[in-house]
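Okay, so here's the structure we're looking at.
Quick note: the coordinates plus some simple rules give every number you see, no bench work behind them. Worth saying up front: this structure is predicted, and the values here are computed from it rather than measured. A quick note on method: Cβ atoms are made from the backbone with ideal geometry, for glycine too, and the neighbour counts reach across all protein chains shown.
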Protein chains: 2
Amino acid sequence: MTAALSSNAPKPLLAALCGVRQPVPPIWLMRQAGRYLPEYRAIRAEAPSFLEFCYNPRLAAEATLQPIRRFGFDAAILFSDILVTPHALGQSVSFESGDGPRLQPIESAADYAALREELDWARLEPVFETIERVKANLPAEVALIGFCGAPWTVASYMIAGRGTPDQTPARLFAYRQPDLFAALIDRLADVSAEYLARQFRAGAEAAQIFDSWSGVLPPAEFERWCVKPIERMLARLRASAPRPPIIAFPRGAATRLAEFAALGGLAGVGLDTAVEPAAAAAALPAPLALQGNLDPVALVAGGRALDEGVERALRGFAGRAHIFNLGHGVLPQTPIAHVERLVARVRAG
Amino acid sequence: MTAALSSNAPKPLLAALCGVRQPVPPIWLMRQAGRYLPEYRAIRAEAPSFLEFCYNPRLAAEATLQPIRRFGFDAAILFSDILVTPHALGQSVSFESGDGPRLQPIESAADYAALREELDWARLEPVFETIERVKANLPAEVALIGFCGAPWTVASYMIAGRGTPDQTPARLFAYRQPDLFAALIDRLADVSAEYLARQFRAGAEAAQIFDSWSGVLPPAEFERWCVKPIERMLARLRASAPRPPIIAFPRGAATRLAEFAALGGLAGVGLDTAVEPAAAAAALPAPLALQGNLDPVALVAGGRALDEGVERALRGFAGRAHIFNLGHGVLPQTPIAHVERLVARVRAG
């Protein structure tokens, strides 16, 4: 009876993304799968490289499911990487262990012209198979979230060829060659929308667009390279079927958050650690689900810092459809006991 | 006659810091002295290490004066480093070439207890001599700005022992050992205020407090580790003489900027690249001088990006006492011709 009842009830994450405040906020964590889990480290060793791990449906599905089994989160997020899109556009991508991604940087119009126009779907086939495998093994009340990087964030890696402290190479490229950069951004917006559409067709029930580096952009560039491209993606997604809810995470949007959150077609917005929960709850349009925003460093610290952070988020977002999450990804040194405590406290209300 | 007249007129930078809008905004640039200048690279080679360079009054004064001679800026800023305060508290500090600072990290109460209570003034004597030398050689209309790091930013290096992307070590330390961290912050606030007071007595006519890392703090921590310590510094400085104007630069303050700018005792506030000039001009208290905020990457790019950025700042801050500056420091790859063009355009109005 219980099983039958729960399979008919909407999943709490999806209900929140419809703007319906849940008595207990659904919870998942950015980077909830990963190095802080011993079971992840065990299976990670089965693939020779990080990309091969991501493209192995058995391993990627297992990594996606591990945190659900251990913590009972309300959502699983596809285990993959934002750089599979440039990889599927034909750019060389690899991951040096402990040193982040390495790409053959886009430096000229010729480099840009060498990219594919469409994603290489054969390369991405394992991602869709991962989604199908996860979907078949997910508890009934748990939602599956797909994802991709936002055009600006993905472009910043494509141009720098690596992670940088403030994406200076891409900012410089955009100032010097705005038309070429705009062409790259438009292509990324179009292929990323199509990529999410295919994730939905494979079974993803929601998706998050990660604009992890939007905060480094000055106001005019934020509008041009963060807001407009995501608007373009949302417009394309509205025209395709099925149309699951979209969460966007414009990290560092700060004073530009309200403008961003007004984008038509967003179901939820991810809030970073700098956002004051009560202020965001008061300022952002009502049907939008607010996701966030505990400091991942407080989750590492535990104790009073963790308890106070949880309490501030629960209280600040109390009147809204709230999805509990961190303000950035789980850090590798996070103790498992602190995650258990977090989940218990959120569910205790 | 001209010389006599100009020596009686207030220096434009100091007039702006009194809240008086200047017909042409005074201009200086963060990191205006440094590696992008061939004359700097030439003298830098005369000292075996970066710290020895900073502590050599002849070389440091020359580095301070070089950009004034070349570009005719309205202010010189003391050539030094924010890490001379931990160094003068007895912490080991060095600079690896191309790899940033290295400090013996503060990890425990014992490490904290090993610090001096007061700054070692003998170690800082060359800084005051540098100020005297610069002052004796500065054109009459050019103001001399002293500076120090803000307590949070300095503490973040003292705890991590190096630069990090988001100051996770200090954030974690502050969550885990808030009382010990508060003691460190209070000590830094007190000695930094005294350090600025002595810079003023040596001849500095204004000072800037750099909180380069305030943006990584969540709201409650921003209030506790950025706003309150700077408030404490300002209170101590108000009680000492002379009392030149203070500019604070809370980089990444974003939505917290108005709260920060309301601090009693501030003459100016430095604005980072994320700030929309017209919005800041409308939101911040009227007598406060607004300093900023061209993107240093636009200065590297030059051309239309530079011209548009200059125009946006000039237009956005037009109604206010405005000090033209970048939103962060000059980048090493900045072409000198672009700085010349910037100065010419700002002065052309």
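Neighbouring Cβ atoms within 10 Å as the yardstick, rank B:Ile336, A:Ile77 fewest first.
Lowest to highest Cβ neighbour count: B:Ile336, A:Ile77.
Given H placed on each backbone N at 1.01 Å, which residues far from B:Ala143 in sequence or on other chains put an amide H within less than 5 Å of it?
B:Leu13, B:Ala75, B:Ala76
Measuring from label point to label point, each 7 Å out along Cα→Cβ, what is the A:Asp120 to A:Arg201 span in nm?
2.0
Under the Karplus relation 6.51 cos²θ - 1.76 cosθ + 1.60, θ = phi - 60°, what is the ordered set of whole-Hz ³J(HN,Hα) values for segment A:271-282, x standing for Gly and Pro?
With coefficients 6.51, -1.76 and 1.60, one gets 10, 7, 5, 7, 7, 7, x, 5, 5, 5, 4, 7 Hz.
Modelled label-to-label distance, A:Ala344 and B:Ser49, 7 Å Cα→beta-carbon offset: nm?
Each label point lies 7 Å from its Cα, and together they span 4.9 nm.
For segment A:302-320 and segment B:75-91, what is the separation of their Cα centres, given in Å?
With segment A:302-320 and segment B:75-91 each reduced to a Cα centre, they are spaced 38 Å.
Say R0 is 56 Å: what FRET efficiency, to the nearest 0.05, do A:Asp179 and B:Arg102 get from their beta-carbon distance?
0.85
Given a Förster distance of 25 angstrom, what is the FRET efficiency for B:Ala136 paired with B:Cys18, based on the Cβ-Cβ distance and rounded to 0.05?
Working from the Cβ atoms, E equals 0.50.
Counting Lys and Arg as +1 and Asp and Glu as -1, what is the net charge of the other residues whose Cβ lies under 10 Å from the Cβ of B:Gly203?
+1
Put a point 7 Å out from Cα along the line to Cβ at A:Gly19; what are the distances to that point in the other copies, in nm, shortest first?
With the label placed 7 Å along Cα→Cβ, A:Gly19 yields 4.5 nm.
Taking chain B as a Gaussian network, where each spring joins two C-alpha atoms under 10 Å apart, which residue of B:Leu290, B:Leu217, B:Leu65 fluctuates the most?
Judging by the Gaussian network model, the answer is B:Leu217.
Can you list, shortest first and in nm, the gaps between the label point of A:Ser92 and those of its counterparts in the other copies, using a point 7 Å from Cα in the C-beta direction?
Its label point is 4.1 nm from the equivalent points in the other copies.
Of the options B:Gln91, B:Ala122, B:Ala16, report the single residue whose Cα projects farthest towards the positive end of the charge dipole of chain B (beta-carbon charges: Lys, Arg +1; Asp, Glu -1).
Comparing the listed Cα positions along the dipole, B:Ala16 ranks first.
Tabulate in residue order the Karplus-calculated ³J(HN,Hα) for segment B:183-191, using 6.51 cos²θ - 1.76 cosθ + 1.60 with θ = phi - 60°, rounded to whole Hz; enter x for Gly and Pro.
Per residue, the Karplus-derived 3J(HN,Hα) values read 5, 4, 4, 4, 4, 4, 4, 5, 6 Hz.
Give the order of B:Asp179, B:Asp186, B:Asp74 when sorted by the count of other beta carbons within 10 angstrom, beginning with the fewest.
B:Asp179, B:Asp186, B:Asp74
Give me a single rounded figure for A:304-312: the average over its residues of other chain Cβ atoms within 10 Å of their Cβ.
2
Apply the Karplus curve 6.51 cos²θ - 1.76 cosθ + 1.60, θ = phi - 60°, to the phi angles in segment B:78-93 and return the couplings in whole Hz, x for Gly and Pro.
Result, ordered by residue: 2, 7, 6, 9, 5, 8, 5, 5, x, 4, 7, 8, x, 6, 6, 9 Hz.
Less than 29 Å apart at the alpha-carbon level, and either on another chain or at least 8 residues along: which lysines does that give for A:Lys135?
Here the lysines satisfying the reach criterion relative to A:Lys135 are A:Lys11.
Amide H to amide H under 5 Å from A:Gln208: which residues, 5+ apart in sequence or cross-chain, H placed 1.01 Å off N in plane?
Under 5 Å from the amide H of A:Gln208: A:Gly146, A:Phe147, A:Cys148, A:Ile247.
Using amide H atoms built 1.01 Å from N in the peptide plane, name the residues 5+ places from A:Gln104, or on other chains, whose amide H lies under 5 Å from its own.
A:Ser92
Please figure out what share of the DSSP beta bridges in segment A:2-348 is antiparallel and state it in percent, rounded to the nearest 5.
So the antiparallel bridges in segment A:2-348 amount to around 15 percent.
Sort A:Trp121, A:Trp213, A:Trp28, B:Trp152 by Cβ crowding within 10 Å, fewest neighbours at the top.
Ascending number of Cβ neighbours within 10 Å: A:Trp121, A:Trp28, A:Trp213, B:Trp152.
Sorted from shortest, what are the nm distances separating the label point of A:Ala113 from equivalent points in the other copies, each placed 7 Å from Cα along Cα to C-beta?
7.0
Can you give the FRET efficiency for B:Ala113 and A:Arg35, using 1/(1 + (r/R0)^6), R0 = 51 Å, r = Cβ-Cβ distance, to the nearest 0.05?
Step by step, r from the Cβ atoms, then E = 0.90.
Looking only at A:Ser156, A:Ser92, A:Ser214, which one moves most when chain A is put into a Gaussian network model with springs between Cα atoms under 10 Å?
A:Ser92
With respect to the axis carrying B onto A, what is the closest chain B residue by Cβ position, and how many angstrom separate it from the axis?
B:Ala254, 2
What percent do you get for the relative contact order of chain A when only Cα pairs under 8 Å and 6+ apart count?
21
Share of antiparallel DSSP beta bridges in the protein assembly as shown, in percent to the nearest 5?
Percent antiparallel among DSSP bridges in the protein assembly as shown is about 15.
In the neighborhood of A:Gly161, defined by Cβ-to-Cβ distances under 13 Å, what is the net charge if each Lys or Arg adds +1 and each Asp or Glu adds -1?
For residues surrounding A:Gly161, the net value is -2.
Could you work out, residue by residue across B:292-301, how many beta carbons of other chains sit within 10 Å of that residue's beta carbon, and then give the average as an integer?
Shielding by partners across B:292-301 averages 5.
Can you run the Rg to Rh ratio on segment B:178-329? Use alpha carbon positions and the Kirkwood inverse-distance Rh.
Radius of gyration relative to Kirkwood radius: 0.99.
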